Structures are given as structure tokens and as C-alpha cells.
Amino acid sequence: MKILTSNVKGLNLPVKRHSLYRDLRTHNADVICLQETHFRRSEHPNLKTPQYLTQFHSTFRSKSRGVTFLIHNRLQFETHRLLKDPGGRYIILVCTINSRIYTLVSAYAPNASQTQFLTRLLNKVQEVLTGTLILCGDFNLSIDPIVDRSVGGSRPQNTAPIRRLRELMTQYDLYDTWRLLHPTARDYSFRSRVHNSYTRIDYFFAPGNVLPYIIDCCILPITWSDHAPILTLGDVYQGYARPPWRFRVELLKHEQAAQDVREALTLYFKENTTPEMNPLVLWQAHKAVLRDVCIRWSARLKRDYQKRRLDVLTELHNLDTRNKIAPSPKLSEQIDAVKYTD
């Protein structure tokens, strides 16, 4: 099962939601855990995700905080217990997924008193814990500031919260899955534009008895948010069949594609409209011609888009890597230019 966690830093703008939809299609995860959705409790836009019709939202009275679960339609899913924080800080979901019981927790810790928040959260989790526990989200605290902060990042003056966090992990038998799988690596999940520094504050925590089932955990590139999505792959993951082909209306907005469609259909009807041809057969068969042209153009446009996207992600990754090793205002400006320029 694929689980993706990501701090999206607000989804009220349509451009942010479209960036999220693109990532959902790219990563094709089974369970999505979002933090900082910034949806207001009284009113918030619907997430138009046809592959994730099962959604759970924890919201706040203002446009801040906010946590969301998205469950893919392909899962055999059943809800047993749902606890939402009135403050929009966490969701605890006890459920059955593909005949296995899980307790899934998505959390967004405050910028201060993180360990007090985590203590209350874990106490609440223990009250309903059933089956396999997965705890993920943005905890706004580094477990090890020495390796989880970039060279240019400042070290915390007060280390008591870090000690308390480690004590909680020991007490509840929780492990940082990314660090276990990458014991010597240095990578970060958050970039501060103000300080031009990087930290790892987004985590997947799992108890010891779950670790044998976790295959991989990786930190993805920081793109449209200031946090990197983190993807965990557990159990024996297998792909799923593609959905049936559907006509992409946006192809008609592409001048050359629309012209090819018109020419193909004109030629088809010109060559096949005869007195002997059944009109119903003629009409049904033209769909195959239309489908062939659309598939070719869809594949071509997809290749062009993926090439542009790969070029941007490669450039962003190279700049980020250089900036993590030797931070500089010039590199920071270049990163921002790549991220926020169309």
C-alpha cells in the first residue's frame, strides 16, 4: 500500500489545488495525508478528485491549519472510528483496508509546544488504537538537529523538546521509518525561504511490529509547496489496471490536434459513406478513428509535458542540492525563480 503525506501550505487557491491534482495522478498513492489545507470550517472548496471520493477533513474556524485524508476508490475501505481535532490539528482514522485493520493518524503540530501536542495526540490514539498504526505528518520539530538540518540552518537553543520527543518515541515504540531505511543519508523535507535553510520535520512513524512490512520510504522533491511530499510503500504493492479510455476535451483547444481530428473524420466519412454502408455501423466505427487520433496526440502532448516537467524538476533538484551543501542568496533566488515562474 502506498501512503503519501504532504504539507500543502494552503489549498484555497485553484492553482494550488490543480498542483495537488497533478501530484495525485503522478504518485497514484492509496492513502493521501495532507496538512495545512487552510480550509475554513464553515466553508471550503470541494477537492475534485474522482479517484479519491472518500475524504475526511479536519478544519479550523479560520483559514489556517487543517488536515485531510483522501482514500483511493480502488481500496476495499470501511470506516470504524473517526476522531477529528476541533482545532484542525489531526485526524485519527480507524478503518479496514483490503481486509486489514489500520489506525491511521495525520497530524500537523504547532510551531511551539510540539511535544505537549504529541503527548496529547498519542494518548488519544491509545484510546482507540486497533490493528496497524501509521502516524505521519508535519511535526515542526527535528529528531536530530545535527543531521536533520542543513549547514546554514540554526541549531535550537532549547533541546528539551527534542529529548522529550525521543522519550515519547521510546515510550510508544515508534520509529522514524525514513531514517531507519536511510541511516547515513542527509535529506530534508522543508525549505525556509526566509532563512534559506532546510530541515527534516515531516515524518512517518510506525511501531516496531510494523517495520517488517515497510518496503521503502522516500522524500520527494520540494516543488509547489515549501514542504516535500514523503512517500511510504508497504506490504506487497501491485499495480492496477488503467481505467477505460476517455476523450480529453482539452485536445480540442490544441490547434494542430483539433485540425488532425477534423481531417481524419472528414477523410473517414468521405471514403466510407456509401449506399451499401449501414449508417449505424458508419457512426459506431468513426469512434475508433477518433480514438486513434486522440491517443496519438495525447501521447505526444504527454511526452512534451513530461519532458518540460522533468527538465524543471532536474534543474530544481540540482539547485536544491547545491543550496543544501552551501547556501547562498543567489541560489535561493534561482530556486524561487524556477518554482514560481511558469
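The values are calculated or read from the model by the stated rules, or taken from the named source; none is laboratory data. All of these numbers come straight from a predicted model, not from anything done at the bench. Neighbour counts are summed over all protein chains in view; Cβ atoms, including those assigned to glycine, are modelled from backbone coordinates with ideal geometry.
List the strands (runs of 3 or more DSSP E) that sit entirely inside the stretch 197-245 and contain at least 1 residues that are of a type in the set (Ser, Thr, Tyr), at pLDDT below 85 and crowded, with 22+ Cβ neighbours inside 10 Å. In the stretch 197-245, the matching strands (runs of 3 or more DSSP E) lie at 230-234. Contact map, the stretch 296-315: first residue touching a residue at least 40 places away in the same chain (Cβ under 8 Å) and of a type in the set (A, V, I, L, M), second residue surrounded by 10 or more Cβ atoms within 10 Å (Cβ to Cβ) and not in a helix (DSSP H, G or I), Cβ cut-off under 9 Å, separation 6 or more or different chains; pairs are Leu301/Arg248; Leu301/His254; Leu313/Pro221; Leu313/Thr223.
With the condition kept exactly as written, say whether any residue in the stretch 9-25 is buried (at least 21 other Cβ atoms within 10 Å of the Cβ), assigned by TED's automatic domain parsing to the domain that holds Ile134 and not aliphatic (A, V, I, L, M). No, the stretch 9-25 contains no residue that is buried (at least 21 other Cβ atoms within 10 Å of the Cβ), assigned by TED's automatic domain parsing to the domain that holds Ile134 and not aliphatic (A, V, I, L, M).
Close contacts from the stretch 97-116, counting a first residue that is within 15 Å of Asp138 (Cα to Cα) and a second that is acidic (Asp, Glu) and not in a strand (DSSP E or B), with Cβ to Cβ under 8 Å and a gap of 6+ residues or different chains, come to Tyr108/Glu36. When Glu78 is tested against (1) in a loop (DSSP other than H, G, I, E, B); (2) loosely packed, with under 14 Cβ neighbours inside 10 Å, just one condition goes unmet, and that condition is (1). If you check Leu83, Leu70, Leu129, Leu121 for being within 22 Å of His27 (Cα to Cα) and aliphatic (A, V, I, L, M), only one passes: Leu70. Could we say that Leu121 is under 22 Å from Arg41 (Cα atoms) and part of a helix (DSSP H, G or I) here? When the stated conditions are applied, Leu121 passes them.
Against the list (1) more than 30 Å from Gln334 (Cα to Cα); (2) acidic (Asp, Glu); (3) surrounded by 13 or more Cβ atoms within 10 Å (Cβ to Cβ), the condition Glu127 fails is (3).
Of the set (1) exposed (fewer than 13 other Cβ atoms within 10 Å of the Cβ); (2) in contact with a helix residue (DSSP H, G or I) (Cβ under 6 Å, 6 or more places away or on another chain); (3) of a type in the set (A, V, I, L, M), all apply to Ala326 but (2). Taking residues in the stretch 48-65 that are over 15 Å from Ala29 (Cβ atoms), and partners anywhere that are of a type in the set (A, V, I, L, M, F, W, C) and assigned to a loop (DSSP other than H, G, I, E, B), the pairs with Cβ atoms closer than 6 Å and at least 6 places apart or on different chains are Thr59/Phe39. Of all residues in the stretch 254-274, those that are free of Cβ contacts under 8 Å to residues at least 24 places away in the same chain have Cβ atoms under 7 Å from Cβ atoms of residues that are β-branched (Val, Ile, Thr), 6 or more apart or on another chain, in Tyr268/Val289.
Residues in the stretch 26-53 that are surrounded by 14 or more Cβ atoms within 10 Å (Cβ to Cβ) and under 16 Å from Leu93 (Cβ atoms): 9 in all.
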